[in-house]
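A.B. asks: The structure follows.
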């Protein structure tokens, strides 16, 4: 993955011929058994009309390849697979590029502006600018640790490097004695796998062969190694391996792999012109150079190996009527940060295009599963995977159920058409998810699909005592819930919901039932209450809830006054006196009581008068019986609370005892 950018003061123009110093085509030290393959014909254009290639970076967040064009002063942003892209203009001589580790910010070195410019990769609009001195022309930028490291010159001379602290925008330049350490701005390389290191070298604008390694883990640069590489000149590209153990450098004289500890040569795969190098995050290396037609232009190495794993030759674009193969451009290769793609930018008589080598094929798994199934019985999930995978491709299967998350089942294999089937006997009920995964390979992307099936559960026996029972006001009542057989969960929750809106439903007990399956709770009833017993369920028994309504009466009594005597249960009044009946009832806001007076005639009690009376805040009401009172007639009176008509529905309909009275002369 490229954590470095343009490594030179000049740029690579798109031309049919390479000007300047002329090198002969060379050879590559490939193994005899390395098969040369031809890169695919399909290549993609940058939507921007590019005239030169400065640098390449990959935006993994948005799956974009980004190239700088210093000749036209623009950035070209292209989707991985071509198509409609974007461009950012008015960046005079823009050169090196670097991407933040989260792919959220793109940094560009803009020499003519004497600045490093930051862009949001969501919109590619400028979000920040790190201004430098007027005699500082930044040519390249990398991210190493928590700093930006950049190289620069003074408009083509006195090359040096420095750093920027993004948090404070403080700029620090490398200190040197007497003369600048580089004739022109050096190449610079970094790698997220080795965030405490940067590598620098001379660039292709000079014949210098110096390579330096610096420890920048402390925020300052400390040289750890430096050498002139014999046989190397006009250095075109530079890379640091994923673990910081090697520096890879390409230019006139070939491509060299250097041991980071002392910059001694580990291997020289290319013996003449090397054009581009890059290091993947898994340790693979890619190297490109100048070769004769029909000879591989690009080689890749597995981690730690000095023998190439793949040799790739660029094709002749048959559909464009060209006679020469595409030529990999200087600084024209970059790994996708996860290593799945190696992007290659080529030129052919002025036509600049890019390819995604090792581009993995997208795969998709489609599952077909029943919506419901029975616990303990076999079920089958079928599916297909596309992507032209061979028969026998192994897919992993995992089952998530209430008894255990992420349980691995036996793998399944595909047939010639990509179809497969899995059969399982679910031991748990509830929502059971089957997840089928293809891990991917060098040429296919991974994919996962999941399907959730509702597996049946048994219904447990659950009951609660006391339903529809009526109780005196403020009486202590014991309610018992009984839970039948279950699998693992033996807990029951009891909650009480008093009538009305002023008291909340509350949990009164939550516990494991006893050995008989019982759980009891005692409470005092002051109003009608709904008791709920709830079992939350387990992996084999479904949740269940049962309710019981326990009714509570009100306290109620009626007192009689103004009588002249009481005898054998009767209150006696002179016909000239008006009886007074005082009712006392359990109080509640807005509550009323109904007073009923009856008389006795022809062998039975008959209705005479009723009155609905509002209670005071202490639950009292008074009624005076006025009028002409007949003597010799038997009367009785009582008070009542009528659910729904006495101002509320908090209690069960209740009546006080009858009080008997009569009138005399």
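The values are calculated or read from the model by the stated rules, or taken from the named source; none is laboratory data. Just so we're clear, the structure is a prediction, and the values are computed from it rather than from any experiment. When we count neighbours, we look across all protein chains shown, and the Cβ atoms used for this are built from the backbone with ideal geometry, even at glycine.
A.B. asks: Being over 17 Å from residue 143 (Cα atoms) and in contact (Cβ under 8 Å) with a residue 60 or more places away in the chain is the filter; apply it to the range 202-227 and report the residue that is surrounded by the fewest Cβ atoms within 10 Å (Cβ to Cβ).
C.D. replies: Per the criteria, the residue is 205.
A.B. asks: Strands (runs of 3 or more DSSP E) wholly in the range 542-621 with at least 2 residues that are under 30 Å from residue 475 (Cβ atoms) - which ones?
C.D. replies: Details: elements: 544-552, 556-561, 565-567, 570-574, 580-585, 592-601, 604-614.
Passing ranges, in order: 544-552, 556-561, 580-585, 592-601, 604-614.
A.B. asks: Tell me which of these residue 256 doesn't satisfy, since it passes every other one: (1) crowded, with 24+ Cβ neighbours inside 10 Å; (2) at pLDDT below 95.
C.D. replies: So the condition that residue 256 fails would be (2).
A.B. asks: Can you tell me how many residues within the range 426-440 are surrounded by 15 or more Cβ atoms within 10 Å (Cβ to Cβ) and in a loop (DSSP other than H, G, I, E, B)?
C.D. replies: Number of matching residues: 5.
A.B. asks: Among (1) surrounded by fewer than 18 Cβ atoms within 10 Å (Cβ to Cβ); (2) over 28 Å from the mean Cα position of the chain (by Cα), which single condition is residue 445 missing?
C.D. replies: Single failed check for residue 445: (2).
A.B. asks: Residue 261 - would you say it is assigned by TED's automatic domain parsing to the domain that holds residue 304, over 30 Å from residue 168 (Cα atoms) and assigned to a loop (DSSP other than H, G, I, E, B)?
C.D. replies: Numbers: assigned by TED's automatic domain parsing to the domain that holds residue 304: yes; over 30 Å from residue 168 (Cα atoms): yes; assigned to a loop (DSSP other than H, G, I, E, B): yes.
Yes.
A.B. asks: For the range 441-480, which positions are in a strand (DSSP E or B), modelled with pLDDT of 95 or more and more than 26 Å from residue 379 (Cα to Cα)?
C.D. replies: Selection gives 462, 463, 464, 469, 470, 471, 475, 476, 477, 478, 479, 480.
A.B. asks: Given the criteria within 19 Å of residue 260 (Cα to Cα), in the same structural domain as residue 268 (by TED's automatic domain parsing), in contact (Cβ under 8 Å) with a residue 60 or more places away in the chain and crowded, with 23+ Cβ neighbours inside 10 Å, does residue 185 qualify?
C.D. replies: On the way: within 19 Å of residue 260 (Cα to Cα): no; in the same structural domain as residue 268 (by TED's automatic domain parsing): yes; in contact (Cβ under 8 Å) with a residue 60 or more places away in the chain: yes; crowded, with 23+ Cβ neighbours inside 10 Å: yes.
Considered against the rule, which asks whether it is within 19 Å of residue 260 (Cα to Cα), in the same structural domain as residue 268 (by TED's automatic domain parsing), in contact (Cβ under 8 Å) with a residue 60 or more places away in the chain and crowded, with 23+ Cβ neighbours inside 10 Å, residue 185 comes out as no.
For every residue, the table says whether it meets (1) surrounded by fewer than 21 Cβ atoms within 10 Å (Cβ to Cβ); (2) in contact with a helix residue (DSSP H, G or I) (Cβ under 7 Å, 6 or more places away or on another chain); (3) in the same structural domain as residue 302 (by TED's automatic domain parsing).
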| residue | (1), (2), (3) |
| --- | --- |
| 336 | no, no, yes |
| 339 | yes, no, yes |
| 342 | no, no, yes |
| 369 | yes, no, no |
| 373 | no, no, no |
| 379 | yes, no, no |
| 382 | yes, no, no |
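A.B. asks: Collect the residues in the range 243-256 that are part of a strand (DSSP E or B) and more than 40 Å from the chain's Cα centre (by Cα), keeping them in residue-number order.
C.D. replies: Initial filter on the range 243-256 (part of a strand (DSSP E or B)): 246-252, 254-256.
Listed by number, the residues that qualify are 250, 251, 252, 254, 255, 256.
A.B. asks: So, residue 142, is that one assigned by TED's automatic domain parsing to the domain that holds residue 219, closer than 23 Å to residue 344 by Cα, at pLDDT 95 or above and crowded, with 21+ Cβ neighbours inside 10 Å or not? Full working, then the answer.
C.D. replies: On the way: assigned by TED's automatic domain parsing to the domain that holds residue 219: yes; closer than 23 Å to residue 344 by Cα: yes; at pLDDT 95 or above: yes; crowded, with 21+ Cβ neighbours inside 10 Å: yes.
Taking the combined requirement at face value, the residue satisfies it.
A.B. asks: Say whether the condition of being at pLDDT below 95 and surrounded by fewer than 19 Cβ atoms within 10 Å (Cβ to Cβ) is met by at least one residue in the range 652-665. I'd like the intermediate steps shown before the answer.
C.D. replies: The initial filter retains those residues of the range 652-665 that are at pLDDT below 95, namely 665.
Next, from what is left, pick out any that are surrounded by fewer than 19 Cβ atoms within 10 Å (Cβ to Cβ): 665.
Yes: the range 652-665 contains one or more residues that are at pLDDT below 95 and surrounded by fewer than 19 Cβ atoms within 10 Å (Cβ to Cβ).
A.B. asks: Name the pairs: first residue in the range 624-639 and without any contact (Cβ under 8 Å) to a residue 60 or more places away in the chain, second residue buried (at least 19 other Cβ atoms within 10 Å of the Cβ) and not in a strand (DSSP E or B), Cβ to Cβ under 8 Å, at least 6 apart or on different chains?
C.D. replies: Between residues of the range 624-639 that are without any contact (Cβ under 8 Å) to a residue 60 or more places away in the chain and residues that are buried (at least 19 other Cβ atoms within 10 Å of the Cβ) and not in a strand (DSSP E or B), the close pairs are 624/579; 625/579.
A.B. asks: Can you confirm whether residue 102 is under 26 Å from residue 357 (Cα atoms), in a loop (DSSP other than H, G, I, E, B) and at pLDDT 95 or above? Talk me through it step by step, then tell me what you get.
C.D. replies: On the way: under 26 Å from residue 357 (Cα atoms): yes; in a loop (DSSP other than H, G, I, E, B): yes; at pLDDT 95 or above: no.
Judged against the criteria, residue 102 is not a match.
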